[in-house]
Amino acid sequence: MAPATTSEEGTRIMVKLDDLLHDKRMTLTELAERVGLTLANLSILKTGKAKAIRFSTLAAICRELECQPGDLLSYQAD
(Lines give C-alpha, C1' and ligand atoms only; values in the text may rest on other atoms or scores of the structure.)
Protein backbone atom coordinates (compact mmCIF):
# COMPACT_ATOMS: atom_id res chain seq x y z
CA MET A 1 0.00 0.00 0.00
CA ALA A 2 1.29 3.49 -0.80
CA PRO A 3 2.22 5.68 2.16
CA ALA A 4 -0.42 8.13 3.32
CA THR A 5 0.31 11.79 2.70
CA THR A 6 -0.64 15.13 4.14
CA SER A 7 -0.22 18.13 1.89
CA GLU A 8 0.10 21.84 2.55
CA GLU A 9 1.60 24.60 0.40
CA GLY A 10 3.25 22.31 -2.14
CA THR A 11 4.89 19.90 0.31
CA ARG A 12 3.95 16.44 1.42
CA ILE A 13 4.72 14.51 4.56
CA MET A 14 4.59 10.81 3.82
CA VAL A 15 3.33 8.59 6.67
CA LYS A 16 4.57 5.02 6.32
CA LEU A 17 2.79 3.54 9.34
CA ASP A 18 0.96 0.94 7.25
CA ASP A 19 4.24 -0.43 5.85
CA LEU A 20 5.86 -0.57 9.30
CA LEU A 21 2.86 -2.37 10.78
CA HIS A 22 2.93 -4.88 7.94
CA ASP A 23 6.67 -5.49 8.41
CA LYS A 24 6.17 -6.11 12.16
CA ARG A 25 3.02 -8.18 11.57
CA MET A 26 1.12 -5.93 13.96
CA THR A 27 -2.40 -4.57 13.68
CA LEU A 28 -3.32 -0.94 14.19
CA THR A 29 -5.47 -2.06 17.14
CA GLU A 30 -2.51 -3.78 18.78
CA LEU A 31 -0.29 -0.72 18.30
CA ALA A 32 -3.01 1.54 19.73
CA GLU A 33 -3.18 -0.61 22.87
CA ARG A 34 0.62 -0.68 23.24
CA VAL A 35 1.08 3.08 22.91
CA GLY A 36 -2.05 4.10 24.81
CA LEU A 37 -3.79 5.92 21.96
CA THR A 38 -7.25 5.52 20.56
CA LEU A 39 -7.66 3.54 17.39
CA ALA A 40 -9.30 6.61 15.83
CA ASN A 41 -6.26 8.82 16.48
CA LEU A 42 -3.83 6.28 15.08
CA SER A 43 -6.09 5.81 12.07
CA ILE A 44 -5.96 9.56 11.38
CA LEU A 45 -2.17 9.39 11.44
CA LYS A 46 -2.07 6.26 9.27
CA THR A 47 -4.27 7.81 6.59
CA GLY A 48 -2.21 11.01 6.46
CA LYS A 49 -5.01 13.22 7.77
CA ALA A 50 -3.16 14.27 10.94
CA LYS A 51 -2.12 17.91 11.15
CA ALA A 52 0.45 17.30 13.91
CA ILE A 53 2.01 14.59 16.07
CA ARG A 54 3.35 14.93 19.58
CA PHE A 55 6.94 13.91 20.16
CA SER A 56 5.76 11.62 22.96
CA THR A 57 3.41 9.86 20.53
CA LEU A 58 6.13 9.60 17.91
CA ALA A 59 8.54 8.19 20.51
CA ALA A 60 5.97 5.62 21.69
CA ILE A 61 5.25 4.45 18.14
CA CYS A 62 8.97 4.19 17.36
CA ARG A 63 9.55 2.26 20.59
CA GLU A 64 6.85 -0.30 19.80
CA LEU A 65 7.75 -0.66 16.12
CA GLU A 66 11.49 -0.61 16.83
CA CYS A 67 12.08 2.11 14.25
CA GLN A 68 13.37 5.65 13.88
CA PRO A 69 11.13 8.69 13.19
CA GLY A 70 12.55 8.81 9.65
CA ASP A 71 11.26 5.28 9.09
CA LEU A 72 7.75 6.50 9.88
CA LEU A 73 7.75 9.96 8.28
CA SER A 74 9.39 11.39 5.19
CA TYR A 75 9.25 14.72 3.38
CA GLN A 76 8.62 15.10 -0.33
CA ALA A 77 8.38 18.41 -2.18
CA ASP A 78 5.88 18.62 -5.04
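Nonpolar atom fraction for the chain, defined as the carbon and sulfur part of the 1.4 Å probe accessible area, stands at 52 percent.
Applying 1/(1 + (r/R0)^6) with r as the Cβ-Cβ distance of Lys51 and Met14 and R0 = 22 angstrom yields a FRET efficiency of 0.90. A 1.4 Å probe run over the chain, with the rest of the protein chains in place, finds 67 Å² accessible per residue. Seen from all directions on average, segment 29-69 presents a Cα convex hull projection of 2.7 nm². Across segment 24-39, coupling constants 3J(HN,Hα) worked out from phi with the 6.51/-1.76/1.60 Karplus curve, θ = phi - 60°, read 8, 6, 10, 8, 5, 4, 5, 5, 4, 5, 5, 9, x, 10, 6, 4 Hz, and Gly and Pro carry x.
The base-10 log of I(q)/I(0) for the chain, evaluated at q = 0.14, 0.17, 0.18, 0.26 Å⁻¹, reads -0.40, -0.60, -0.67, -1.40 [Debye formula, identical scatterers on Cα atoms, solvent excluded].
For Arg63 and Ala40, the difference between the fully extended length at 0.36 nm per residue and the C-alpha to C-alpha distance is 6.3 nm. Straight-distance candidates among the lysines for linking to Lys24, with alpha-carbon spacing under 20 Å and chain neighbours fewer than 8 residues away dropped: Lys16, Lys46.
Expressed as cubic angstrom per residue, what is the convex hull volume of the alpha carbon set of segment 9-51?
Once divided by residue count, the hull of segment 9-51 is 66 Å³.
The values are calculated or read from the model by the stated rules, or taken from the named source; none is laboratory data. The structure displayed is predicted, hence computed values, not measured ones. As a convention, Cβ positions derive from the backbone with ideal geometry for all residues, glycine included, and neighbour counts pool all protein chains shown. Only protein heavy atoms, including side chains, enter the accessible area calculation; ligands, DNA and RNA are left aside. Shrake-Rupley method; radii C 1.70, N 1.55, O 1.52, S 1.80 Å.
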